[in-house]
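Below is one structure, written out as structure tokens; comments come after it.
The values are calculated or read from the model by the stated rules, or taken from the named source; none is laboratory data. The structure displayed is predicted, hence computed values, not measured ones. Neighbour counts run over all protein chains shown; Cβ positions are idealised from the backbone, glycine included. Keep in mind that these areas ignore ligands, DNA and RNA; they rest on the heavy atoms of the full protein, side chains included. Shrake-Rupley method; radii C 1.70, N 1.55, O 1.52, S 1.80 Å.
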Amino acid sequence: MNDNPEDRTPLTNWSRLRALTPARIGLGHRGASMPVDEVLRFGLAHAKARDAVHEPFRAGEIAAALAAPGRQVIEVASAAGDRATYLRRPDLGRMLSQKSRAMLASHSRRSDLALVVADGLSATAIHNNALPLVTAVLAHIEGRAISCAPIVVASQARVALGDEIGHLLGARMVLMLIGERPGLSSPDSLGAYLTFAPRPGVSDAARNCLSNIRPAGLSFEVAAAKLDWLIDEAFRRSLTGIDLKDDSDALLLTKGAARLPNP
Amino acid sequence: MAYRARIGSETYVFADLKSLMARATPLRSGDALAGIAAGSLEEMMAARLALADLPLSTFLSEAVIPYEHDDVTRLIIDAHDKDAFAPVASLTVGGFRDFLCSNRATTESLARLSPGITPEMAAAVSKLMRNQDLILVASKCRSVTRFRTTIGQPGTLAVRLQPNHPTDDPAGIMASIIDGLGYGCGDAVIGINPASDSLTTISDLLHLLDGVITRFSIPTQGCVLTHVTSTIRLIEQGAPVDLVFQSIAGTQAANASFGVTLGLLREGLDAGRSLKRGTVGDHVMYFETGQGSALSANAHHGVDQQTLEARAYAVARAYQPFLVNTVVGFIGPEYLYDGKQIIRAGLEDHFCGKLMGLPMGCDICYTNHAEADSDDMDTLLTLLGAAGVNFIMGVPGADDIMLNYQSTSFHDQLYIRALLGLRRAPEFEAWLQRLDIVDATGALRAGGTSPPLLQAMGDYLP
């Protein structure tokens, strides 16, 4: 495939380098241009990512999978009625539908943490990755003195929808697990947003975020350990956001190392 | 005060300056989302007719966001250079457009003029300009900045090498850096968007960048694009920081949503300069912006997103930046719906920034939920290349695997160089020639990535 002497041939080393990153490196070139096989590979990946944005969210299946003895799961929807509206109207994706608002208000009782699982821009991410991540997060939380609100599964949701949900449920903090906008190499990436004292109108600077949670990115176990650290710190200092730096790495490497599963 | 335009028997009334500006703006989804876009194409043209007759000096007496309520407005008004403004002080917005397109507007006269141009003036005139006007006038503007390379000289184009990795893995990042250097990318900056905001991780990445730049004596600068407060803390801890990064916006409230104030940016500038790590200049700030950020933060005050974007450039201008990057298609279809809107916005941003004297680059990009594709990016890249953009991004295969969007690739910069004969920053191109990566014309040499660079990877291989 690199038979033209004027063009760069990827050296044999590139196969080893390519194993170090999912980035599209060592592609070679034809003159100034991309080789045609990569042009087509890229086109296919874009087609898959575009399709992931429009995949219908199977909220009922997710809710059923998350339900367990002593663990209630509630389904809600944002005010964006369909995908087309959702994409053009993020404001509607940040507020609950009237029906969902009334329903959540009836569940209000004081708790420490509300966990929200939301489709965001990739229902595929939730379908593939929400269950193992929630399981890993709950394994850290359960058995500690943290009370949890019912788990909420939210459709056509933006990150800030968690603020209204957490507020209505009477939770001190909300953890939003949401499908991120699909990348070419990662149509199923999850983001986790932690917000102390959730209420409508919270500034994004008041959140902490972990992104790219998926088997080929930030693993469920490491994400859960980091979230556990952040949740602890947030409760201890009564805040989230830019004033709460994620120093979990250092901590996990020292005294917290025992928390990490063996690779 | 209200503004009016009469078309036939219809009289269009615009309640205030910001409404007039919003209605005159070429259609984009963000202004529709904010409820401030023109209701019809005729209303849009009525607004442009009224705007064309508006004296340019109106913007010095009427603010789109009140002076008392917004520190960006105060910055704009207080920093305005009346002497620089004098040559165009008597013009209307329409007359200003004609002046900019005329031969009287030269590189030199535009440079003298720029401190007198407020962001609202730049935004207003851009609304009367076709794409070809935005390209032609921007191509006459020059903004040259320096740290270890010299960016923005005529006939040059620089590239930010963007070697992001989803878990900040050092070996993965190094592999992308080595690949990108082999294509002659990295003269604007080698800039990593970290997945983590952990200070430990960011410090490690800063040392990684410093290590590769030092080891190969590369005339360039590194940057880890994290919050300015983190960068200041890392500087205090002795980390090797070249450029100080921050995302900024055009209103005080939107900046607050980013966790920044004008005072904090000043602290960042002072901290960065205190290290004296530049060799050919001391421009240390790297800002990123993008239309729609203020609306996204619910901090737009009813002002259209393109005018607010230009106001972000007034913020940038106060800190003598090395790089200002409009990340035009990153924000998504609710602000810029499709390829047409992204292309228009990219040209507007580049023009407004250049007119205001800034070293404008553009992250020519789109997300997978926008109605856009590589063909649209090729179009915008070609237009911005012709307009004289200072720098673009270089992402492996155009696919940013951490931020989940598509930008321009290492190959895309080869394309635009081949098409338009654009060279790299001179210090960096001399280095590429010394390592035999490019020949005397700046073209890539056959035979693969420079062996010394590849050998360097040996340290990172498992």
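Have a look at the DSSP beta bridges in the protein assembly as shown and tell me what percent are antiparallel, nearest 5.
Values: 27 of 70 bridges.
Rounded to the nearest five, the antiparallel share is 40 percent.
Taking just the C-alpha trace of segment B:124-165, give me its Rg and Dmax in Å.
Cα radius of gyration and Dmax of segment B:124-165 are 14.5, 42 Å respectively.
Based on Cβ point charges of +1 for Lys and Arg and -1 for Asp and Glu, what charge dipole magnitude is obtained for segment B:225-364 about its Cα centre, in debye rounded to the nearest 20? It would help to have the intermediate numbers written out before the result.
Values: 10 positive and 13 negative charges, 62 e Å.
Result for segment B:225-364 is approximately 300 debye, rounded to the nearest 20.
Give me the lysines in straight-line cross-link reach of A:Lys245: C-alpha distance below 30 Å, same-chain residues under 8 apart excluded.
Qualifying lysines at Cα under 30 Å: A:Lys226, A:Lys255, B:Lys276.
Using a 1.4 Å probe, what is the accessible area per residue for the protein assembly as shown, in Å²?
Values: 25740 Å² over 725 residues.
Normalised by residue count, the accessible surface of the protein assembly as shown is 36 Å².
Keeping the other protein chains in place, figure out the carbon and sulfur percent of the accessible area of segment B:3-140, with a 1.4 Å probe. If you can, show how the numbers build up before the last one.
Working: 3130 of 5980 Å².
The computed percentage sits at 52.
Got a sec? Charge dipole of the protein assembly as shown, +1 on Cβ for Lys and Arg, -1 for Asp and Glu; which of A:Ala139, A:Ile178, A:Pro198 is way out at the positive end?
Result: A:Pro198, furthest along the dipole toward the positive end.
Can you classify the protein assembly as shown as rounded, prolate or oblate using the Cα gyration tensor, where a ≥ b ≥ c are the square roots of its eigenvalues, rounded means a/c under 1.5, and otherwise it's prolate if a/b beats b/c and oblate if not? Numbers along the way, then the final one.
Details: a/c = 1.64, a/b = 1.12, b/c = 1.47.
Because a/c hits 1.5 or more and a/b fails to exceed b/c, the protein assembly as shown counts as oblate.
Once R0 is set to 22 Å, what does the formula 1/(1 + (r/R0)^6) return for the Cβ-Cβ distance between B:Ala386 and B:Glu108, expressed as a FRET efficiency to the nearest 0.05? It would help to have the intermediate numbers written out before the result.
Working: r = 21 Å, r/R0 = 0.96.
Given R0 = 22 Å and the Cβ-Cβ separation, E is 0.55.
Quick query: amide H of B:Asn325 versus all other amide H atoms, modeled in the peptide plane; which residues come in under 5 Å with a sequence gap of 5 or more or a different chain?
Hits under the 5 Å cutoff: B:Phe287, B:Glu288, B:Thr289, B:Gly361.
Can you send over the carbon and sulfur percentage of the accessible area for segment A:1-140, probe radius 1.4 Å, protein chains only?
On the way: 3820 of 6810 Å².
Carbon and sulfur: 56 percent of the exposed surface of segment A:1-140.
Write down the percent of antiparallel bridges among all DSSP beta bridges whose residues are both part of chain A, to the nearest 5.
Numbers: 15 of 32 bridges.
Roughly 45 percent of the beta bridges in chain A run antiparallel, per DSSP.
For A:Leu113, what charge total do you get from the other residues with a beta carbon under 12 Å from its beta carbon, if Lys and Arg give +1 and Asp and Glu give -1? Don't jump to the answer; show the numbers that get you there.
On the way: positive: A:Arg110, A:Arg144, A:Arg172; negative: A:Asp112, A:Glu142, A:Asp228, A:Asp232.
Net charge in that neighbourhood comes out at -1.
Keeping all protein chains in position, work out how much accessible area A:Ile74 exposes to a 1.4 Å probe, and write it in Å² to the nearest 10.
My reading of the accessible area for A:Ile74 is about 10 Å².
May I ask you to list the lysines whose Cα is less than 16 Å away from that of B:Lys354, ignoring any residue fewer than eight positions away on the same chain?
Correct list for B:Lys354: B:Lys127, B:Lys140.
Which FRET efficiency value, to the nearest 0.05, do you get for B:Glu236 and A:Arg110 by plugging their Cβ-Cβ distance into 1/(1 + (r/R0)^6) with R0 = 35 Å? Write out the running numbers ahead of the final one.
On the way: r = 40 Å, r/R0 = 1.15.
Calculated value: 0.30.
Any chance you could check segment B:276-319 for residues losing 20 Å² or more of accessible area when the partner protein chains are in, compared with the chain on its own (1.4 Å probe)?
Residues passing the criterion (a loss of at least 20 Å², heavy atoms only) are B:Ser296.
Calculate, in nm to one decimal, what B:Asn131 and B:Ser274 gain on full extension: separation in residues at 0.36 nm each, minus their alpha carbon distance. Working shown, then result.
On the way: separation 143, 0.36 × 143 = 51.48 nm, distance 4.13 nm.
That works out to 47.3 nm of additional length.
State whether segment A:57-116 is rounded, prolate or oblate according to the following rule on the C-alpha gyration tensor (a ≥ b ≥ c being the square roots of its eigenvalues): a/c under 1.5 gives rounded; otherwise a/b larger than b/c gives prolate, and the remaining case gives oblate.
Numbers: a/c = 2.45, a/b = 1.50, b/c = 1.64.
Since a/c reaches 1.5 but b/c is at least a/b, the shape of segment A:57-116 is classed as oblate.
Out of the total accessible area of segment B:340-462 (probe 1.4 Å, heavy atoms of protein only), what percent is carbon and sulfur?
Values: 1850 of 3460 Å².
Carbon-and-sulfur percentage of accessible area, whole number: 53.
Filter the DSSP H helices in chain A by two things, a Kyte-Doolittle mean of at least 0.5 and an axial alpha-carbon span of 24 angstrom or more, and list the hits by number.
Details: long enough: A:36-53 (26 Å, 0.18); A:123-141 (26 Å, 1.13); A:220-237 (25 Å, 0.07).
For chain A, where a helix must reach 24 Å along its axis and average at least 0.5, the hits are A:123-141.
Can you list the residues, at least 5 places off or on another chain, whose amide H is less than 5 Å from the amide H of A:Asn212, using H built in the peptide plane?
Hits under the 5 Å cutoff: A:Leu190.
Hey, can you list the residues from segment B:33-72 whose accessible area shrinks by 50 Å² or more with all protein chains present, relative to the chain by itself (probe 1.4 Å, no ligands or nucleic acids)?
B:Leu33
Any idea what the relative contact order of segment A:113-201 is, in percent, if you count C-alpha pairs under 8 Å spaced at least 6 apart? Working shown, then result.
Working: 180 pairs, mean separation 37.5, N = 89.
About 42 percent, as a whole number.
What is the average number of partner chain Cβ atoms found within 10 Å of a Cβ in A:31-43? Intermediate results must be reported in sequence, preceding the final value.
Details: counts 6, 12, 5, 9, 1, 0, 0, 4, 2, 0, 1, 6, 2.
For this peptide, the per-residue mean of nearby foreign Cβ atoms is 4.
Taking square-rooted eigenvalues a ≥ b ≥ c of the alpha carbon gyration tensor, is segment A:1-136 rounded, prolate or oblate, where a/c under 1.5 means rounded and, failing that, a/b exceeding b/c means prolate?
On the way: a/c = 4.05, a/b = 2.40, b/c = 1.68.
Note, shape of segment A:1-136 comes out prolate.
How would B:Met45, A:Met176 rank on accessible area, largest to smallest, probe 1.4 Å? Kindly include the intermediate steps, with their values, before the conclusion.
Details: B:Met45 90, A:Met176 5 Å².
Of B:Met45, A:Met176, the descending order of accessible area is B:Met45, A:Met176.
Which of B:Leu56, B:Leu454, B:His369 sits closest to the plus end of the dipole of chain B, meaning its Cα is farthest towards the positive end, when Lys and Arg get +1 and Asp and Glu get -1 on the C-beta?
Result: B:Leu56.
How large is Rg over Rh for segment B:145-452, taking Rg from the Cα atoms and Rh as the Kirkwood inverse mean of 1/r across Cα pairs?
Values: Rg = 17.9 Å, Rh = 19.1 Å.
Here the Rg-to-Rh quotient is 0.94.
Need one number: buried accessible surface between chains A and B, 1.4 Å probe, both sides summed, DNA, RNA and ligands left out, in Å² to 100.
On the way: alone 13700 and 16940 Å², together 25740 Å².
In total, chains A and B hide about 4900 Å² from solvent.
Given a 1.4 Å probe, show me the residues in segment A:76-108 buried by at least 20 Å² of accessible surface when comparing the whole protein assembly to the chain alone.
A:Leu87, A:Arg88, A:Pro90, A:Arg94
Over the whole of B:158-168, what's the average partner chain Cβ count within 10 Å per residue? Rounded to a whole number, please.
On the way: counts 0, 0, 0, 0, 1, 3, 2, 6, 14, 7, 2.
Across the residues of B:158-168, the mean count of other-chain Cβ atoms within 10 Å is 3.
B:Thr441 versus A:Glu142, label points 7 Å from Cα toward the beta carbon: distance in nm?
For B:Thr441 paired with A:Glu142, the spin-label model returns 6.8 nm.
When you look at the Cβ of every residue in B:256-262, what mean number of other chain Cβ atoms sits within 10 Å? Mind dumping the intermediate values first?
Numbers: counts 2, 5, 4, 7, 2, 0, 0.
Counting other chains' Cβ atoms within 10 Å and averaging over B:256-262 gives 3.
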